[in-house]
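Beneath this line is the structure, given in structure tokens, with notes to follow.
The values are calculated or read from the model by the stated rules, or taken from the named source; none is laboratory data. Just so it is clear, the model here is predicted, and its values are computed rather than measured. Ideal geometry is used to build each Cβ from the backbone, glycine not excepted, and the neighbour counts take in all protein chains shown. Note: areas computed on protein heavy atoms with side chains; ligands, DNA, RNA excluded. Shrake-Rupley method; radii C 1.70, N 1.55, O 1.52, S 1.80 Å.
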Amino acid sequence: MPFGNLFRRTWSSTDRLDGKTVLITGANTGIGKETALDLAKRGARIIMACRDMEKAEGALKEVIEGSGSQNVVIKKLDLSDTKSIREFAETINKEETQLHILINNAGVMVCPHGKTADGFEMQIGVNHMGHFLLTHLLVDLIKRSTPARIINVSSMAHSWGTINLDDINSEKGYDKKKAYSQSKLANILFTRSLAKKLQGTGVTAYSLHPGMVQTDLWRHLSTPQAAIMKMISPFTKTSVQGAQTTIYCAVAPELETESGGYYSDCAPANCSSSASDDDTAQKLWELSCRMLSLSWD
């Protein structure tokens, strides 16, 4: 048993999600797949939104076999392309009569410099802009399915981030760690603003830190970074452990009256002061709307 696990508060729940529909982005691997498996076992209908359909086929088989539920589907979604996001959302709005839980889980981490199809820096583009647009396009369906929840998977890396409103795409200089931290800070600020805008609708929003999880997100680490991760790996979480806080935010009955908070290890947690800055959150919201050419008041 890894040492780090000795100090963690364990949480478990038998709460069911029968009759509920859950959409999870990046569900073909890591904590997204484990979240899908757990929530399928609770009786939810699961929509696994994945970029790589070949990997998704394998993950779908695992989730169906592991949960014993046939009520699981995969859909193509590329969060680095707004055209793909719009097509995906159009399909969901047409085919689904309700959506109770949206889990914005997909992400890219400390990747080499790249741009999305729309010219956004890849990490802010996928981790924030893509999920911002997806949530916007699905929010009416979610509002018709109350009580409903929107969950944004962030990271403690947000603590080292700042939102550079004048250069959100890191065009004046790219540091992959700073760009990642900025995108994870954006997840929390988006959650705060979203919770305010959804007040009184029956839809609640949560952001979370899954923990140091050994997942495919590590694939872009340099050799020295990978060596450090190997050294600290006894203190990291498996994907199953990493998925627990997402699952907690999705099912815990006591969270039904909470909204806008940040969670870690299946409990409320403190985020950085930058992540509690409502002024920056509002400016980021307005900037995101402008960059995505949408209005969302």
Exercise for the section: Taking only Cα atoms and a 10 Å spring cutoff, compute GNM fluctuations for the chain and point out the largest among GLY161, GLY66, GLY30. Expected result: GLY66
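Under the definition of Cα pairs under 8 Å and six or more residues apart, what whole-number percent is the relative contact order of the stretch 43-202?
The value is 21 percent.
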Problem - Total charge dipole magnitude, the chain, about the Cα centre, Cβ charges on Lys, Arg, Asp, Glu only, Debye to nearest 20 - result: 380 debye
Practice task
Pick out the long, greasy-scoring helices in the chain: whole DSSP H runs spanning 15 Å or more along their own axis by Cα, mean Kyte-Doolittle at least 1.0.
Solution key: 131-143
Practice task
Quote the accessible area belonging to LYS283 in square angstrom, nearest 10, computed with a 1.4 Å probe and with ligands, DNA and RNA left uncounted.
Solution key: 100 Å²
Exercise for the section: Go through HIS100, GLY211, ILE142 and say which Cα lies farthest out towards the positive end of the charge dipole of the chain; charges sit on Cβ, +1 for Lys and Arg, -1 for Asp and Glu. Expected result: GLY211
Exercise for the section: Compare the peptides 76-89, 240-253 by average per-residue count of other Cβ atoms within 10 angstrom and give them in order, highest first. Expected result: 240-253, 76-89
Fill in the blank from the handout: Expected max-MSF residue from ASN28, ASN71, ASN105 in the GNM of the chain (alpha carbon, under 10 Å) is ASN71
Problem - Added length on full extension, which subtracts the Cα-Cα distance from 0.36 nm per residue, LYS115 to ASP167 - result: 17.3 nm
Practice task
Sequence neighbours fewer than 8 away in the same chain don't count; with that in mind, list the lysines whose C-alpha is under 21 Å from LYS283.
Solution key: LYS172, LYS178, LYS184, LYS196, LYS197
Practice task
With the full set of protein chains in place, find how many percent of the accessible area of the chain is carbon and sulfur; take the probe as 1.4 Å.
Solution key: 50 percent
Problem - 31 Å Cα-Cα threshold exceeded, pairs from LYS143/LYS237; LYS41/LYS177; LYS41/LYS76 - result: LYS143/LYS237; LYS41/LYS177
